[in-house]
Structures are given as structure tokens and as C-alpha cells.
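> Please find one structure pasted underneath; my questions will follow.
No lab work stands behind these numbers, since they all come straight from the coordinates. Computed from a predicted model, the values in this text were never measured in an experiment. Here the Cβ positions follow ideal geometry from the backbone for every residue, glycine too, while neighbour counts run over all protein chains shown.
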């Protein structure tokens, strides 16, 4: 893909906002702990951070340099104060006992550059060794959450009987999470088939950046050389506006048979890629606790299990750019390195163990 397309992509994900201010003041651990305690109570969250930290640390140390982008556990997970849920039990690192099928719903614009991003060589190949299968559900990159909810339903309708016998986990990245939540509410039969929802940096309650953006800016992605997406129903940006998402959540109780897990991205400033720093600073005008695209408390599904605050920006958690694209990896996306394979393995192991311990 030409370098110009890299520039357009980086520019759009920053939603064409600029911020010339200096580095935002980082909250102290004590301030973050008070903030976290506040929204755990407000959103009636279950705190699973302690056990997940044990799981992620065990996976990281067991895999070590066998996987790319190794980082010590204490650097990979953000310190936000006391964490509940630790058990001290050994972490099972063997084959999966339940062999779940994980269906990934990606975020805004992913369809446009899916081939260039080439997710297949990354985490899916690693976790498949242990019996965890990831498939991506093809959804429109520039359409509304309601449109993509229907596409998720259609994908489920085509699953085989063998697929439906397995635990089904829907994993949403960024806008993929509200797409999933709309699908569960709109199609109750689909919700009955789903065991769990895992949100990675999900735009659950929208983003102030979307409040200032236009769909026309998003549609520019269709003109980038190499882009493979169409405009769809042109509702993607509106679906991410804070008033839209928060009103939808207030009016639509989530199905109670599904287990929900929220993973929040919350990077230190020196872990924010250069191409995302303008949007990070712009969001910091609202709250410095953000991942460059979404505020940390807007990433959390109400009444879910809070899994972790990951020290990575909005791209580094899921988008494998720097390993295969040297120019952009050394310039625009210069902090894209993160042990994603170990993270995804740890997430699946944590959820599998947690589900086994549910009543």
C-alpha cells in the first residue's frame, strides 16, 4: 500500500482533530484507583483484574521470547490501584478443555484494510495451537451498528451444527463491541446461542471524538489506494457518538444469560504512537484517562467483569502494523509493539476458567 494511504489512515483514526498542547498530566495511581472504584460501583462491575493479572503473567513468562514483542507483565498491565479476584492458583497452560469458537467483530474502517493488516499471521495462529479458534465476522467498515448487527445475525444463521455445539464467544474490538451489543438485543435467538462477550477497547459508550467528526471524513477511506470497502449505510460515525451510544444503553437492557468481559486500553504517554498523539491530547481535554480514541470508562460494558487495564494504545491492543510494515511502524505507529499473542491466549484461558467457576 502506498505511503499516502498510511497517512490518510493515521489521519482519520485521529479523526482529523489536532491538539498542540503539551503532554497531558498523568493521573497518579491513587487518583486512578479512586476513579476505578467509582465506575466499578456505578456500572455494577465485577472485578476480575487480580486473577487475570496472574493468568497473563503466567502466559508471558511461560512463552517468553518464543512470541514477538515480549514485555514484562508489570509493564503490559497498567497499575490502577488494588485489584480484586486473585486466587494464587496455578494457571493451566495446556490444551483448552472446552475448545470455544471465538467470533471477532472488528472496528470502524477495518474492512477497508483487512488484507493489509493481515491479522491471520498473528494471534489466531498462536491460540489455535491450544484449541482456541478465532474467526472474523465480515461486517461493513463504514456502516451503522444496527446494519452490522444484522450482518452478525446472518453469520450466525450460517454456522454449522458442530459450530453451535461449542461455546461461542463474541469478541468486539472498538466499534465491534456496540455492533455486538446491538445484535444481542435485536436478535434474542442469537443471544441464546452466545456464551460470552469479550470487549477489547470497545466504544461501548461512544467517543467524544465521534461527536466532532463527520461521516464524510470516514468515507474518505473508500478513496485510499488499496482500500476494499464501500460506504455502506454511512452510519458508522453516528453510531459512535456519545449521546447515541449512551441513550441506546439506557433503553436496551443486555441479555442476562450472556457473560460480559471488558478489557480497557489505557497507555502511558510514552506508549502512545506518534500518529495517535493528537487525538490522545484532544481527548485529554475531556479526561487524560484515554487510549487515543475512547475514554477508559466509556470502554466498559455495564455489569460486566472488568478484566484489565492494558498499557497499550487503541491500535496496539489489536492491530498488528509494525511487524510487517517497517516504514509506518517506525514513524506513524512507532509504539505498536505489544505481546498480543500472549494477551489473547491469557484472555481465553481466563474466560474459560471463569466460566467453569460460574454457578
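> First measure r as the distance between the Cβ atoms of residue 84 and residue 61, then evaluate 1/(1 + (r/R0)^6) with R0 = 22 Å and state the FRET efficiency to the nearest 0.05.
For residue 84 and residue 61, the calculated efficiency is 0.45.
> Going by how many other beta carbons lie within 10 Å of each one, how would you line up 130, 156, fewest first?
Final ranking by Cβ density, sparse to dense: 130, 156.
> If I model a spin label as a point 7 Å beyond the Cα along the Cα-Cβ vector, how far apart are those points for residue 230 and residue 217 in nm?
2.6
> Further question: What relative contact order, as a whole-number percentage, does the chain give when Cα pairs under 8 Å and 6 or more residues apart are counted?
25
> Could I ask something else about it? Counting other C-beta atoms within 10 Å, which of 261, 269 has the fewest, and how do the rest follow?
Result, fewest neighbours first: 269, 261.
> Ok, one more. For semi-axes √(5λ) of the Cα gyration tensor in Å, one of [x] 27, 24, 21; [y] 53, 18, 16; [z] 44, 21, 19 was computed from the structure I shared and the rest are decoys. Which label?
Of the labelled values, this structure produces [x].
> Sorting 150, 83 on the 10 Å Cβ count, fewest up front, what's the list?
150, 83
> Now, a different point. Given a Förster distance of 22 angstrom, what is the FRET efficiency for residue 29 paired with residue 70, based on the Cβ-Cβ distance and rounded to 0.05?
After rounding to 0.05, the efficiency reads 0.35.
> Quick one: length gained pulling residue 189 to residue 158 fully straight, 0.36 nm per residue minus the C-alpha distance?
9.8 nm
> Which value in nm describes the separation of the simple spin-label points at residue 251 and residue 125, placed 7 Å from the Cα toward the beta carbon?
The modelled label-to-label distance comes out at 4.5 nm.
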